Amino acid sequence: MTVATDPREEINGKKHFQVIEDNDDGEEDVAEVDLSSTGSYLKKKKKKKHRKKKAEQSDPPRVGLSKLFPNNVYPEGEIQPYKDDNAWRTTSEEKRYLEKLANEDPQTTYQNIRRAAEVHRQVRAHARKYIKPGMSMIDIVENIEDGTRSLVEEHELESGVGFPTGVSINNCAAHYTPNAGDTTVLKQGDVLKVDFGVHVKGRILDSAFTLTFDHTYDSLLEAVKDATNTGVREAGIDVRLGELGGYIQETMEAYEVEVGGKVLPVKTIQNLSGHSIGLYNIHGGKSVMQVKNDDMTKMEEGEYFAIETFGRGHVVDSGDCSHYAKIVDAPKIPLRLQSAKTLLKNIDKNFGTLPFCRRYLDRAGETKYLLALNHLVQQGIVRDYPPLCDQVGSMTAQYEHTILLRPTVKEVVSRGDDY
């Protein structure tokens, strides 16, 4: 309780003061005191204190995180200690100091990726409840992207969508998002992979999950989730990427799935991989294959990785392309098409080297741009990412997490209560 005095005017030649007592119950006791005679209380009343109501997330989520976390400190991801030869890092004073310096630097602070991760958790929590058979793929992706833009408080290249929302179905494993006019509708028996990203100052959070609407492929989902968790658990500083692929493969291929009375082995998709993540660069240069291989490249301190696994077999480019990205070290080539020059300026302004899709170009005001876009692809300035599909009739699943190899511990920044 605090007490403050508030002087008042003279009444009938007597000085009066107001005494305000701030009680623990959130109310103020207000009394006027006559100090010229007995000093007794003349009157006492209670005055309500107005307390600021704590901000809450809306449904669907559209409240920016700065209102929910006004101190700009965001939840830490799941912490996993390093093992074996790197166990010493957890208690190393030198590594703790390096971590402190990194977190205090605005360019390397972990708060950026944690903010992106919290956006992802809140948006996907709604998406997992919201997505139902009968919905169009356009409605599904726009709901996710509207939530992402609102929560991350999209602002030019400072923060926004990390890459186009992937909603690949059944035998299509990755890189499908609907273009304008796509009328595809989600069906009851579909296996849907939802893969979307969030970035804050170029730190990209990449995470994915799979939804089904009956129990036919429960074992497939369990196998892929377990394989991803194995990859996350075995990843770490100095781990060789080829060996990590072997751990993932061993876990996934221990599973079987029964479909229509027939027992089928679960297989890894051998030509899809996880990857390191650079600043404004979703594919940072290192690949985490899902099968054992001879890659002796090591994971290194301070790196970000997307550990993702897919269950089935082998994918090929198939279908209408929607995903594109400007190549990080794109050559500076004179462009003969004026439309390509104009489009490239728009790409630089709105996306930089972040992936985009045709719907995003529509949103940025571009029209009749396909000829110019294909010219940029042909000149090696922009790369296209067509849908990646397995053989027709097969079913694929995906789970993915972003991890940060901090100096002292591994942080699974995208971990949530759901997966």
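Couple of notes before you dig in:
- Segment Leu101-Val73, length gained on full extension (0.36 nm per residue, minus Cα span): 8.5 nm
- Local electrostatic count at Asp214 - Lys and Arg +1, Asp and Glu -1, tallied over other residues with Cβ under 14 Å: -1
- The chain, accessible surface, carbon-and-sulfur percent (1.4 angstrom probe): 49 percent
- Projected label points at Glu156 and Ser66, each 7 Å from Cα along the beta carbon direction, are separated by 1.4 nanometres.
- Each 10 Å bin from zero up to the one holding the largest Cα-Cα distance in segment 47-162 carries the following percent of pairs: 11, 32, 26, 20, 9, 1, 0.
- For Ala55 and Lys262, the difference between the fully extended length at 0.36 nm per residue and the C-alpha to C-alpha distance is 69.3 nm.
- Distance in nm between pseudo-label sites at Val392 and His215 (7 Å out along the Cβ direction from Cα): 3.2 nm
- Tensor-based shape of segment 291-333 (alpha-carbon gyration tensor, a/c under 1.5 rounded, otherwise prolate or oblate): oblate
- Per-pair calculated FRET efficiency, R0 = 60 Å: Asp348 and Glu250 via Cβ, rounded to 0.05: 0.85
- Only helices enter the 222 nm calculation for the chain: every DSSP H run of n ≥ 4 contributes -39,500 (n - 2.57), and dividing by all residues gives -8000 deg cm²/dmol, rounded to 500.
- Cα-Cα over 21 Å, subset of Lys225/Lys292; Lys129/Lys225; Lys129/Lys193; Lys286/Lys345; Lys326/Lys349; Lys129/Lys410: Lys286/Lys345; Lys129/Lys410
- Shape annotation for segment 171-213: C-alpha extents along the principal axes are 38, 25, 15 Å, from largest to smallest.
- Among the listed values (1) 160; (2) 139; (3) 222, the one computed from these coordinates for volume of the Cα convex hull per residue in Å³ is (3).
- Think of segment 246-364 as having a plus end and a minus end, set by charges on the Cβ of Lys, Arg, Asp and Glu; of Gly302, Ser273, Leu335, Leu335 sits farthest toward the positive end of this dipole.
- With Cα atoms as the point set, the radius of gyration and Dmax of segment 50-94 evaluate to 18.5, 56 Å.
- Pairwise Cα inverse-distance average, inverted: Kirkwood Rh of segment 375-419 (Å): 15.0 Å
- Legend: translational diffusion of segment 340-404 by Stokes-Einstein, Rh = Kirkwood radius over C-alpha pairs, 4 °C, 1.567 mPa s; D = 92 µm²/s.
- FRET efficiency estimate (nearest 0.05) - Cβ-Cβ, Ser339 to Arg240, R0 30 angstrom: 0.05
- Once the Cα-Cα distance is subtracted from the 0.36 nm per residue extended length, the Lys298 to Thr90 segment shows a gain of 72.9 nm.
- Counting only protein heavy atoms and a 1.4 Å probe, the chain has 49 square angstrom of accessible area per residue.
- For Val257, the solvent-accessible surface with a 1.4 Å probe is about 10 Å², rounded to the nearest 10.
- Its Cα gyration tensor gives segment 196-318 an equivalent ellipsoid; the semi-axes, largest first and in whole Å, are 27, 17, 12.
- The value obtained for segment 116-248, namely the Cα convex hull volume divided by the number of residues, is 127 Å³ per residue.
The values are calculated or read from the model by the stated rules, or taken from the named source; none is laboratory data. Every value quoted in this text rests on a predicted model; they were computed, and no experiment measured them. All Cβ positions, glycine included, derive from the backbone under ideal geometry; neighbour counts span all protein chains shown. The area values use the complete protein model at the heavy-atom level, side chains included, leaving out ligands, DNA and RNA. Shrake-Rupley method; radii C 1.70, N 1.55, O 1.52, S 1.80 Å.
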